[in-house]
Each structure stands twice: as structure tokens, then as C-alpha cells.
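Report on one structure; see the data block that follows.
The values are calculated or read from the model by the stated rules, or taken from the named source; none is laboratory data. It should be emphasised that the depicted structure is a prediction, and the values quoted were computed from it without experimental measurement. Here the Cβ positions follow ideal geometry from the backbone for every residue, glycine too, while neighbour counts run over all protein chains shown.
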Amino acid sequence: MIRKYNRWTFKPRDFNIIWGNDKRYWNLPEPLPDQPQSSKDDTLPAELVQVCWFEVTGKTGAGPIAQGKYKIKFEVSKKQDAFGWNSPVYMIAKSGKKGRYSWKKIEVSSEVSTIKKELPQDFEIEAKPSDDNTIYFGLYEVWSGKWKGGLQIHKAIVEGPTPPPQP
């Protein structure tokens, strides 16, 4: 994960992916020997082979977060042979462990193509002073039980309020 001011960029090995370590279900970029969260080639996506339980999550690291609105989006694409995306995927996020969840439905079948695209375009959550210093977010499709495959996750971005200018 790369943090610059109030912007976090998550690469495929930064995510917690259910079944992510099983090559029958996911292809992840090869890790560096001494840094399992980093990959040899950061341009490669996490590639879904097939699952019936789709859950990809992330969280911002320790350190203060500013109060205000945070935009969250994933950069995704589909392979030519993608299948099983007739059920919606849900983006779900909250600020702090005790925060309230916000969610948005994403229709992968119509909104995602073989060209990389950031989704959703307008998803925001509010961080308040009482929250802990973590934003939790993820993509989920765990309700249909239908097999799906061919989705590629290139990165996720969490972007907070613009930091104040330095004198």
C-alpha cells in the first residue's frame, strides 16, 4: 500500500482476498522473496479464475486520517472469457471498527469491460473525529452462490479530503 497525504493506493498483494492463496481460484502477481505484500511486477492484476464466494477487502494503515469525505474506488477489467457476472457486486465500506457501513451496487456485467475502469465513480464515506484511524472497504458477491471468473483487479484507491496547504 502506498500512502501519499490523504490518498492510499492498494496493489493486488495489499488486499485480503478470500481463497487468494489458492491458484485454483485466483492468480496473484508473484511476491518478492523478502516482502510478501509486494510483487515483482506491480502492473499485474489479481485475476479471478473462479469462485462462488467473492470477497476482496482492504483497509488503510495506522496513522491519523482527516475528518471528512473519502472516495473509494477499484480499478477493474474483465477478461474476454469472463463468466458468471449476472449478479451484482457490492462495494461496502466504513470508517472505524464501530462505523456505519455504506454500500453501492455494481453491475459488473454491464459496467466492466476488457478495458480498465474505476468503479464506482461516486462512492464516498464520511470519517468523523470519533472513528479509529482506519477505513475498511471491499468488493463482495457472497449471496448468489453462483460461480464467476475472469475479473481482474488492478488496484484500489482511497482518497480523502485535500490536505491543507503548507506555509
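A compact table of results
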quantity: Residue within region 92-110 that is over 21 Å from P12 (Cβ atoms), surrounded by fewer than 20 Cβ atoms within 10 Å (Cβ to Cβ) and aromatic (F, W, Y) present; calculated: yes
quantity: Count - residues of region 53-73 that are assigned to a loop (DSSP other than H, G, I, E, B) and either of a type in the set (V, I, T) or without any contact (Cβ under 8 Å) to a residue 24 or more places away in the chain (or both); calculated: 2
quantity: Residue tally, condition assigned to a loop (DSSP other than H, G, I, E, B) and surrounded by fewer than 18 Cβ atoms within 10 Å (Cβ to Cβ), over region 20-31; calculated: 5
quantity: Residues located in region 78-91, provided they are buried (at least 16 other Cβ atoms within 10 Å of the Cβ) and charged (D, E, K, R); calculated: K78
quantity: Among (1) at negative phi; (2) more than 13 Å from the chain's Cα centre (by Cα) - the single one I18 does not satisfy; calculated: (2)
quantity: Selection from region 1-19 of residues that are under 17 Å from F137 (Cα atoms) and not in a strand (DSSP E or B); calculated: M1, N6, K11, P12, R13, D14, F15, I18
quantity: Hits in region 112-160 (condition: hydroxyl-bearing (S, T, Y) and free of Cβ contacts under 8 Å to residues at least 40 places away in the same chain); calculated: S113, T114, S130
quantity: Hits in region 85-105 (condition: among the small types (G, A, S) and at pLDDT below 95); calculated: S87, S95, G96, G99
quantity: Some residue of region 32-41 being modelled with pLDDT of 90 or more, out of contact with any Cys (no Cβ under 9 Å at 6 or more places or on another chain) and assigned to a loop (DSSP other than H, G, I, E, B); calculated: no
